[in-house]
1. Going by the conditions given, is Tyr54 exposed (fewer than 15 other Cβ atoms within 10 Å of the Cβ), aromatic (Phe, Trp, Tyr), at pLDDT below 95 and outside any loop (DSSP other than H, G, I, E, B)?
2. From the set of residues in the range 130-144 that are hydrophobic (A, V, I, L, M, F, W, C) and closer than 9 Å to Arg155 by Cα, which is surrounded by the most Cβ atoms within 10 Å (Cβ to Cβ)?
3. Kindly list, by first and then second residue, each pair from a residue in the range 153-171 that is within 14 Å of Ala122 (Cα to Cα) to a residue that is acidic (Asp, Glu) and surrounded by fewer than 23 Cβ atoms within 10 Å (Cβ to Cβ), limited to pairs with Cβ atoms under 6 Å and residues at least 6 apart or on different chains.
4. Give me the residue from the range 67-88 that is surrounded by fewer than 20 Cβ atoms within 10 Å (Cβ to Cβ) and under 25 Å from the mean Cα position of the chain (by Cα) and, out of that set, nearest to Arg155 (Cα to Cα).
5. Within the group Arg121, Arg96, which residue is over 15 Å from the mean Cα position of the chain (by Cα), surrounded by fewer than 22 Cβ atoms within 10 Å (Cβ to Cβ) and of a type in the set (Lys, Arg)?
6. Residues in the range 128-146 that are assigned to a helix (DSSP H, G or I) and either in contact (Cβ under 8 Å) with a residue 40 or more places away in the chain or among the aromatic types (Phe, Trp, Tyr) (or both): how many?
Amino acid sequence: MKLIVILIFIVGACAALYLFFIHVINFKKVYWKAFIICCLFGLTLLTLTGIAIYRGSRAPDTWCDHLQNSTTYPPMTLVTARDYFEKGNYDYDTGRCKEAIADFTKSIELNSKYPQTFNNRAYTYMRMRDYKNALADLNKALTLDPNYINALMNRGDIYNYYFEVDKAKAIADYQKIISIAGTSGTTVCGHLAMAKHNEWNLANLFIIPFETLNCNSSK
């Protein structure tokens with residue numbers, strides 16, 4: 001969705017600049033000059049967008065490196081698997097990732113048939129950059145619930161970006177999400193386009209936004 005908004009903004013900015021040149025600076029007799037300037041302006045914006053996205057994707061994850069503010073509260077008791085699951089969510093929300101892993105592990109010991117616990121422990125591992133253990137947990141979660149969208153998305157991202165990179169497996173997970181739930185309100189289209197085209201480069205600066213838009217409009 002963000003890629004689509006950015007693309008619309010760039011097209012709008014280029015159109016506004018073109019109209020400015022034509023009607024204000026009076027380039028009416030040399031439309032091609034205004035067109036070339038606007039194309040260069042749009043290309044510059046796309047390049048800067050690509051650089052920002054690339055740097056963002058390579059930025060270190062610092063969520064677990066310090067405490068976070070949270071509006072959630074821990075459970076009153078720690079008895080059941082659900083109690084430890086909620087405690088794990090609270091500890092994760094506050095940046096206490098090691099404590100969250102311990103909580104989720106205790107929850108699994110009490111009830112190993114709850115796929116959300118495996119998924120949440122996997123996501124915590126991902127934020128700690130422990131992708132090997134995260135992948136194992138996601139596989140377990142999807143064994144328990146093959147249509148679990150959050151686990152499919154997390155596993156797709158691991159295969160797409162982080163560990164044992166396999167674009168075909170990432171594409172399969174993203175496409176399964178779309179087959180189950182469509183694309184509304186998700187970022188799956190952008191991730192799918194990135195998996196298909198491998199990485200950001202000059203050509204893909206144009207291809208990925210358009211494929212993302214087409215993915216959304218076709219569902």
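The values are calculated or read from the model by the stated rules, or taken from the named source; none is laboratory data. Predicted, not measured: the structure shown is a model, and the values here were computed from it. A quick note on method: Cβ atoms are made from the backbone with ideal geometry, for glycine too, and the neighbour counts reach across all protein chains shown.
1. yes
2. In this case the residue turns out to be Leu138.
3. Tyr159/Asp166
4. Among those that are surrounded by fewer than 20 Cβ atoms within 10 Å (Cβ to Cβ) and under 25 Å from the mean Cα position of the chain (by Cα), it is Glu86.
5. One residue alone meets the criteria, Arg96.
6. Qualifying residue count, the range 128-146: 1.
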